[in-house]
Amino acid sequence: MSARELTLAAPAKANLFLEVLRRRPDGFHDLVSVFAALPLADRLEIAPEEEALVLVCDDPEVPVDGRNLVLRAAALLREEAGIRAGARFRLHKRIPIGGGLGGGSSDAAAALRLGCRLWGLPEEADTLSRLAARLGSDVPFFLHGGICLCEGRGEIVTPLADAKAPALALALPPWGVSTPAAYAALAGRPLGGRPVGPFLRALSSGDPEAVAREAFNRFEEAVFDLEPRERTLHEALVRAGARPRMSGSGSSIWMPKRFVDARVREAAAGIRLEGADD
Ligand code: C5P
């Protein structure tokens, strides 16, 4: 097998629409969300190893032990297949951690696919989706990519074939937001009032103006209260005309690229801005 087949781009995602419906008895939340895969991506490579599962990463902030979803994905796949072969993963990290961009989940989905290729297992959609859902709520989406409607706790994925998302720019703050803390901060706040229909119609039109108008993220107010720097950045981008929305539980904020101008760049001064120039 060629090195090329044993390397995958693991893209980031943005939540273009994210409504949280309710907290469930199992502690997770039911949601309705539109996920879009982005050009920003990690790169994951796999190589044979006798029996061990090993991960090396170029970002020292990333844990390379059993906490990492790459190793958990490989272990789960191996257990499912009943095999003992090992693997050595090399992860080139480009997606910020704690940014609401799904980097760890995307790496996990890539690890499932690469494990199948290295070990000669079928990339069978139902099995991979089931394993992905066990690894995390966002992982099944990354088996599809593109633009998808995600429901349940995120694992019920419907590709949206006719969706036309505008090119997006991303503001990537240096601070992260903890996803469990963001969900906890929703307690006592109103949930579930925003239907997804108008957003889906905007997405089939592909008009950035309509997409920006109908985009929604239930986490924004709660996360702005948790992390005042997030509110300050969001407000500055709004004032500059960027039409910004937070992705997931933050901290990343997306905006249609066409709204990025000198004022928006000034509002985001000191913050990494991705996808605004290409
Ligand atoms: O599924 P995942 O491991 O990504 O979830 C991380 C945490 O986020 C969960 O432990 C839970 O606190 C919260 N979560 C949730 N509802 C979801 C997804 C995640 O409450 N749909």
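The values are calculated or read from the model by the stated rules, or taken from the named source; none is laboratory data. Note that the structure is a prediction, hence the values are computed from the model and not measured. A quick note on method: Cβ atoms are made from the backbone with ideal geometry, for glycine too, and the neighbour counts reach across all protein chains shown. Accessible surface is based on the protein model in full, side chains and every heavy atom, while ligands, DNA and RNA are left aside. Shrake-Rupley method; radii C 1.70, N 1.55, O 1.52, S 1.80 Å.
Details
- Any chance Gly145 is under 21 Å from Glu45 (Cα atoms), out of contact with any Leu (no Cβ under 9 Å at 6 or more places or on another chain) and more than 16 Å from the ligand (Cβ to nearest atom): yes
- The single condition among (1) surrounded by 15 or more Cβ atoms within 10 Å (Cβ to Cβ); (2) within 16 Å of the ligand (Cβ to nearest atom); (3) in contact (Cβ under 8 Å) with a residue 60 or more places away in the chain that Val70 does not satisfy is (3).
- Residue check, Arg243 within 19 Å of Gly99 (Cα to Cα), outside any helix (DSSP H, G or I) and open to solvent by 10 Å² or more (accessible area, probe 1.4 Å): yes
- Taking (1) within 16 Å of the ligand (Cβ to nearest atom); (2) buried (at least 21 other Cβ atoms within 10 Å of the Cβ) in turn, Leu91 satisfies each apart from (1).
- Complete set of residues in the stretch 12-39 that are more than 13 Å from Asp138 (Cα to Cα), more than 12 Å from the ligand (Cβ to nearest atom) and open to solvent by less than 30 Å² (accessible area, probe 1.4 Å): Leu16, Phe17, Leu38
- Residue match in the stretch 80-87 (condition: assigned to a helix (DSSP H, G or I), small (Gly, Ala, Ser) and either more than 26 Å from Trp254 (Cβ to Cβ) or open to solvent by 60 Å² or more (accessible area, probe 1.4 Å) (or both)): yes
- Scanning the stretch 113-139 for residues that are away from the ligand (no atom under 15 Å from the Cβ) and assigned to a helix (DSSP H, G or I) gives Arg113, Leu114, Gly115, Cys116, Arg117, Leu118, Trp119, Ala125, Asp126, Thr127, Leu128.
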